[in-house]
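Contents: one structure, followed by commentary.
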Amino acid sequence: MGLIVQNIEGKKVTVIGGARSGLAVARLLKKMGADVFISDMKKPEEIKYVKFTPEELNSAGIKYEFGEHSEKVYDCDFMVISPGVPSNAPVVQKAMELGIKVWSEIEVASWFCKAPIIAVTGTNGKTTTTSLIGHIFKTAGFKTIVAGNIGAPFSDFVLDADEGSIVVLEVSSFQLDHIENFKPKVAVLLNITPDHLDRYDSFGDYILSKFRIFKNQKEDDFAVYNYDDEIVQPYVESLNVIKLPFSVRDKLSCGGFIEDGYITLNFKNKKERILKMNNLRIRGIHNVYNSLAAALAARAMEVKDEIIRESLQSFEGVEHRLEFVREINGVKFINDSKATNVNSLWYALESFDEPIILIAGGRDKGNDYSKVYDLVKRKVKLIIAIGESKNKIYNEFKNLTNVIEVDSMEEAVKKAYENSAPGDVVLLSPACASFDMFRDYEHRGEVFKKLVNEL
């Protein structure tokens, strides 16, 4: 792969955003010889995940400013923005008006990547599928780097990857918005449903961002995609790449599907039953989709069926995604804090047959809850609404089930347990962002687990 752009030695680069991704790409660019300047509207003590002091930036030779974006940010050959910086931020808009190229962190890191990249995007399932693909390749004995939107910036690890390595990246729409040369050998698109409508002018714009994962693929690259998704399927069918669809509804002549209850791959005219769906350790139909996608990505890179089978069977899932926390007096507590949209909530509700006490709410992202009305009516005995959106949730569901509003996670867990009976599931599946009450979804999940373990 090598360097895609010209040598960046001596190039002036502005990095907007001084949290994890921004710091990582700044260090990488400095190491590769660039003259780097970091700018963040927040002060260092206000930035999440900060593990540095200004003195450390000084010793690394990285210039910086915090608490403002001064005119100095535009004195650069190109700009790199962190995923948390919207494309419509004034500093980004002005840079583009001035003709300054604006890249995402994954774009820049990919310039220095010698290993093939498997990139995973979609509205839901990215973290689970990325982790599962990484698990398969580690089981197969590859030097495997799992990074990206999963919490480990690509820039921190890209120089560790050699030609015999595999890089597995979770990529968000925000990261894809500012790519130009980023080219995965295998691009995985899991699904597209409305999300992040607070960051995009329309659902159509969000869809186009997701499709950018295929932007630079050639005819010998692989597109792994959800055949059952009516938005994804017609678009990918038009691409000039090796197409590997997956479906739970239909048997496919090429790709991954379910046959007689088995996860089945049909690849290069060889059909192989991999594993019974019931033998997956991760539950829910959404995880059947995730497992099919991961299996196809591995098969595209010629991982043997036996390794895929072993890996699917041993994979235990990821933290904060339908994570079993504890059972108390016959009541199961499940942490699904990563469910930050309505579609994730739908999958969570679909995964349980037991009566559900649902803890939901947080910062609304333009949610349309109508998709889960039927599931809530059939399965949920009580909703405990939290956060900024608690009143909206109350009004949405008050005619379908019992709903109460509370002011804290502590009160939510207490009320859930008080109202539970043996055989119930207490499910934290917020369908909202966490930033009104917590640092992030991980912090929200950790607080929930701590409170449950204190009952």
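Table for the structure above
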quantity: Residue list for segment 165-175, restricted to those being surrounded by fewer than 24 Cβ atoms within 10 Å (Cβ to Cβ) and either at pLDDT 95 or above or at positive phi (or both); calculated: Ser165
quantity: Those residues of segment 421-442 which are under 16 Å from the mean Cα position of the chain (by Cα) and more than 22 Å from Val376 (Cα to Cα), in sequence order; calculated: Asp440, Tyr441, Glu442
quantity: Matching residues in segment 278-327 - criterion: being acidic (Asp, Glu) and more than 25 Å from Glu354 (Cα to Cα); calculated: Glu302, Asp305, Glu306, Glu310
quantity: So Glu302, is it outside the structural domain of Ala187 (by TED's automatic domain parsing) and not in a helix (DSSP H, G or I); calculated: no
quantity: Cβ-Cβ under 7 Å pairs, at least 6 apart or on other chains, segment 58-79 side under 12 Å from Phe37 (Cβ atoms), far side among the polar types (S, T, N, Q) and modelled with pLDDT of 90 or more; calculated: Glu65/Ser39; His69/Ser39; Val73/Thr14; Val73/Ser39; Cys76/Thr14; Met79/Thr14
quantity: Residue match in segment 176-199 (condition: of a type in the set (Gly, Ala, Ser), more than 27 Å from Val248 (Cα to Cα) and under 17 Å from the mean Cα position of the chain (by Cα)); calculated: no
quantity: Residue among Thr130, Thr121 that alone is within 27 Å of Val188 (Cα to Cα) and either aromatic (Phe, Trp, Tyr) or in contact (Cβ under 8 Å) with a residue 60 or more places away in the chain (or both); calculated: Thr121
quantity: Which listed residue, of Gly151, Gly84, Gly134, is on the phi > 0 side of the Ramachandran plot and under 18 Å from the mean Cα position of the chain (by Cα); calculated: Gly151
quantity: Matching entry among Ser202, Ser209 (being within 24 Å of Leu345 (Cα to Cα), hydroxyl-bearing (Ser, Thr, Tyr) and more than 18 Å from the chain's Cα centre (by Cα)); calculated: Ser202
quantity: Only one of Ala293, Ala348 that is small (Gly, Ala, Ser), surrounded by 15 or more Cβ atoms within 10 Å (Cβ to Cβ), touching a residue at least 12 places away in the same chain (Cβ under 8 Å) and not assigned by TED's automatic domain parsing to the domain that holds Ala431; calculated: Ala293
quantity: Strands (runs of 3 or more DSSP E) fully within segment 53-158 counting 3 or more residues that are touching a Pro at 6+ places or on another chain (Cβ under 9 Å) and buried (at least 20 other Cβ atoms within 10 Å of the Cβ); calculated: 117-121
quantity: Scan of segment 159-199 for residues that are part of a loop (DSSP other than H, G, I, E, B) and hydroxyl-bearing (Ser, Thr, Tyr), ordered by number; calculated: Ser165, Ser172, Thr193
quantity: Residue identified as more than 18 Å from the chain's Cα centre (by Cα) and either under 14 Å from Gly284 (Cα atoms) or surrounded by 18 or more Cβ atoms within 10 Å (Cβ to Cβ) (or both) among Gly362, Gly366; calculated: Gly362
quantity: Search result, residues across segment 255-269 that are modelled with pLDDT under 95 and surrounded by fewer than 16 Cβ atoms within 10 Å (Cβ to Cβ); calculated: Lys268, Asn269
quantity: Residue match in segment 260-282 (condition: under 16 Å from Leu190 (Cβ atoms), of a type in the set (Lys, Arg), outside the structural domain of His443 (by TED's automatic domain parsing) and in contact with a helix residue (DSSP H, G or I) (Cβ under 8 Å, 6 or more places away or on another chain)); calculated: no
quantity: Criterion violated by Thr340 - all others in (1) assigned to a loop (DSSP other than H, G, I, E, B); (2) surrounded by fewer than 16 Cβ atoms within 10 Å (Cβ to Cβ); (3) assigned by TED's automatic domain parsing to the domain that holds Gly423 satisfied; calculated: (2)
quantity: Checking Val36 against (1) touching a Lys or Arg at 6+ places or on another chain (Cβ under 7 Å); (2) part of a loop (DSSP other than H, G, I, E, B), the condition it does not meet; calculated: (2)
quantity: Matching residues, segment 408-434, being among the hydrophobic types (A, V, I, L, M, F, W, C) and either touching a Cys at 6+ places or on another chain (Cβ under 8 Å) or surrounded by fewer than 17 Cβ atoms within 10 Å (Cβ to Cβ) (or both); calculated: Ala421
quantity: Matching option when the condition is over 24 Å from the mean Cα position of the chain (by Cα) and under 16 Å from Asp364 (Cα atoms), among Glu418, Glu454, Glu410, Glu405; calculated: Glu405
quantity: Answer residue from segment 315-337, given it is basic (Lys, Arg) and outside any loop (DSSP other than H, G, I, E, B) and is nearest to Phe397 (Cα to Cα) among those; calculated: Lys332
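The values are calculated or read from the model by the stated rules, or taken from the named source; none is laboratory data. Being a predicted model, the structure only gives us computed values, none of them experimental. Here the Cβ is made from the backbone with ideal geometry for all residues, glycine too, and neighbour counts use every protein chain on show.
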